[in-house]
Structures are given as C-alpha cells and as structure tokens.
Amino acid sequence: MKTLSFVFIRLGIGISMFGHGLVRIPKLNEFSSGMVSRFSESFLPGQVVLPFSLILPFLELLIGLLLILGWKTRLTGISGAILMLFLMFGTSMIENWGALPSQMIHLLFFVLVYEFHQVNTLALDRINAPSN
C-alpha cells in the first residue's frame, strides 16, 4: 500500500470517528436516552446498554483523535475494529439493517489501519521510529 493512500485512509476513518464523538458528547443524555429506548425491545438489558451508550461517544472521540494524530495507530486499529463488532452486534439485535453497511465499511477501514500500520507516515508514530 502506498504511504499517502494509508494517510488518507487513517485520516478518513479518524475524522469520521472523531466527528461521531464530537457531536454526541454535548448532547450525551439525549443520545444515551435514545439508544436505551431503541434497545428496550431487544434482549440486551438496559444495565448493559446504558453504560455503553454513555461511554461510546468518548471512545469514538478518542479513537478518532488517535487516528488523526497517527499515534498508537496499530492498537487504535484493533480497538476501532472491536468497537465496530460490538456496534454491529447491537445493530443486529434491534434489526437496524440500514446501519450495518456503514459499520461494515468502518470495520474494513479499521482492519486496513491495523494491517498496514507499518507504512504510516505524517504521524506521531513516526517520531523516533526506525527508518526503513
């Protein structure tokens, strides 16, 4: 993979995640209430949905920021992929099939970030990194 292509992938998924968190945090209670309401008919208990809905925007913001900065890129790729799998599971439990394609695309980009992190450039990971 070309290094500039990787930068665009890393920044694209980073901006998406950062944006998700950034717009949700100021309206955290609304976001959380809506999520708990949507999951009320699923088998997932509210005691699981509520804390997840409260922490999700902060995870999105952090993952996005780390990717934008290019810091801990490999670990962030893994973390983002795991988060997407949790979201995909929840989305399936409430039969929100329209949201799955977007989550699958995010998952793919996180896998690419993880898989090709060694070509990461324009990133904090490159500071003091051995040159190839």
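The values are calculated or read from the model by the stated rules, or taken from the named source; none is laboratory data. Nothing here was measured: the structure is a model prediction, and the numbers come from that model. Virtual Cβ from ideal backbone geometry, glycine too; neighbours counted across all protein chains shown.
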Inter-residue pairs, beta-carbon under 7 Å, first touching a residue at least 40 places away in the same chain (Cβ under 8 Å) and in region 1-29, second aromatic (Phe, Trp, Tyr) and surrounded by fewer than 18 Cβ atoms within 10 Å (Cβ to Cβ), 6+ apart | GLY21/PHE58
Would you be able to say whether some residue in region 18-32 is closer than 29 Å to ASN128 by Cα, out of contact with any strand residue (DSSP E or B) (no Cβ under 8 Å at 6 or more places or on another chain) and assigned to a helix (DSSP H, G or I)?
-> yes
Identity of the residue in region 32-44, touching a helix residue (DSSP H, G or I) at 6+ places or on another chain (Cβ under 9 Å), in contact (Cβ under 8 Å) with a residue 24 or more places away in the chain and over 25 Å from ILE78 (Cα atoms), that ends up surrounded by the fewest Cβ atoms within 10 Å (Cβ to Cβ) = PHE43
Pairs, please: C-beta under 9 Å, at least 6 apart or cross-chain, first residue among the acidic types (Asp, Glu) and in region 99-116, second assigned to a helix (DSSP H, G or I)?
-> GLU115/GLY77
Looking only at residues in region 88-113 that are of a type in the set (Phe, Trp, Tyr) and closer than 22 Å to ILE55 by Cβ, which one is surrounded by the most Cβ atoms within 10 Å (Cβ to Cβ)?
-> PHE110
Residues in region 68-87 that are part of a helix (DSSP H, G or I), more than 10 Å from the chain's Cα centre (by Cα) and surrounded by 21 or more Cβ atoms within 10 Å (Cβ to Cβ) total 1
Does LEU44 count as in a loop (DSSP other than H, G, I, E, B) and modelled with pLDDT of 95 or more?
-> yes
Among the candidates LEU122, LEU112, LEU100, LEU87, which residue alone is modelled with pLDDT under 95, farther than 17 Å from LEU22 by Cβ and aliphatic (A, V, I, L, M)?
-> LEU122
Kindly establish whether PHE52 is under 13 Å from the mean Cα position of the chain (by Cα) and at pLDDT 95 or above.
-> no
From the list LEU75, LEU62, LEU100, LEU66, which one is among the aliphatic types (A, V, I, L, M), in contact with a Ser or Thr (Cβ under 9 Å, 6 or more places away or on another chain) and within 19 Å of ARG126 (Cβ to Cβ)?
-> LEU66
Flagged pairs (Cβ under 6 angstrom, 6 or more apart or on separate chains; first in region 45-67, under 15 Å from GLY34 (Cα atoms); second among the aromatic types (Phe, Trp, Tyr) and in a helix (DSSP H, G or I)) are none
The residue that is nearest to PHE39 (Cα to Cα), considering only those in region 68-95 that are in contact (Cβ under 8 Å) with a residue 12 or more places away in the chain and of a type in the set (S, T, N, Q), is THR91
